[in-house]
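The values are calculated or read from the model by the stated rules, or taken from the named source; none is laboratory data. Please read all numbers here as calculations on a predicted model, not as lab measurements. No Cβ is skipped: glycine too gets one built from the backbone with ideal geometry, and neighbour counts run over all protein chains shown. Remember, those area values only see protein heavy atoms, side chains included, never the ligands or the DNA or RNA. Shrake-Rupley method; radii C 1.70, N 1.55, O 1.52, S 1.80 Å.
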Amino acid sequence: MSAEIKTLSSKVVYENKWMRVREDAIERPSGQQGIYSVMEKPDFTVVIPVQDGYVYMVEQYRYPVEKRQLEFPQGTWEENGQADPAELAAGELQEETGLLAKNWTHVGYQYLAYGFCNQGYHIWIATDFTMTEQNLDPEEEGLTCHRIALSDLDEMIKKGEILDATTCNALGLARLKGLI
């Protein structure tokens, strides 16, 4: 399948260890030309740690929205953007919550915001835990872990208290597939 939009040229306009932003000169099938900005980021994982009707969530300050937010453990390893998704999920769960899970179920893969970003994410369910210590990255300073009843989580989402789209999407997909 060929691309519907032709790339005429591409240049990197910003780059750091977490992302790269490029600006592409493009041509649509009609011949109309324009510019498309694309953010490139490595894929990440989101983990739904669930057991006995409870989930484990993390709360951290999210600088862009200037609020502390609850969400499922999630992340990527910038130094290894090609990490195995299962290994990444286990690593992120242990780093952020201290939990080691014996059982893993892959729920699916989604794109985060494909209108401007190529980043996607794997969704996992983790169960049967052993508790260890958190191993937070410097960027995760202040992150806390919370055990929340699934029924309470549903109400929190309905009330607009959980605003992380990835968390809401992951939970919804897991439920649609009958995994939770």
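Some points to look at:
- Among the chymotrypsin sites (Phe, Trp or Tyr not before Pro) in segment 1-51, those placed in a DSSP loop whose Cβ has at most 14 other Cβ atoms within 10 Å are W18.
- Partners for K6 among lysines (Cα-Cα distance below 30 Å; same-chain residues under 8 apart left out): K17, K41
- Among the chymotrypsin sites (Phe, Trp or Tyr not before Pro) in segment 65-148, those located in a DSSP loop and surrounded by at most 15 other Cβ atoms within 10 Å of their own Cβ are Y114, F116.
- Summed side-chain charge close to L70 - residues other than L70 whose Cβ falls under 9 Å, Lys, Arg +1, Asp, Glu -1: -3
- Segment 107-180 - percent relative contact order, Cα under 8 Å, separation 6 or more: 28
- About the Cα centre, charge dipole magnitude for the chain (Lys/Arg +1, Asp/Glu -1 at Cβ), debye: 700
- Sum of side-chain charges, R20 neighbourhood, beta-carbon under 15 Å (Lys, Arg +1; Asp, Glu -1): -3
- Global geometry of segment 63-180, whether rounded, prolate or oblate, following the gyration tensor of its Cα atoms and the 1.5 cut on a/c: rounded
- Å² of accessible area per residue within the chain, as computed with a 1.4 Å probe and no ligands counted: 59
- When the Gaussian network model of the chain links Cα atoms closer than 10 Å, the mean-square fluctuations of I162, I123, I48 top out at I162.
- Each residue, K17 and H146, gets one label point 7 Å from its Cα in the Cβ direction; the gap between the two is 2.9 nm.
- Options T132, C145, A89, ranked by Cα towards positive dipole end of the chain, top entry (Cβ charges): A89
- Loop-located GluC sites (Glu not before Pro) in segment 24-81 (DSSP state other than H, G, I, E, B) with a sparse environment of at most 10 neighbouring Cβ atoms within 10 Å: E66.
- When the Cα gyration tensor is reduced to axis lengths a ≥ b ≥ c, the ratio a/c is 1.5 or higher for segment 132-180, and with a/b above b/c it is classed as prolate.
- When the solvent-accessible area of segment 55-106 is split by element, carbon and sulfur atoms take up 47 percent of it, the probe being 1.4 Å.
- In nm, spacing of pseudo-spin labels at T105 and Q82 (7 Å Cα→C-beta vector): 3.2
- Measuring nothing but how far apart in sequence close Cα pairs (under 8 Å, 6+ apart) lie, relative to its length, segment 1-93 scores a relative contact order of 21 percent.
- Relative contact order, percent, the chain [alpha-carbon distance under 8 Å, six or more residues apart]: 22
- Counted charge near G98, where neighbours are those whose Cβ lies closer than 13 Å (Asp, Glu -1; Lys, Arg +1): -4
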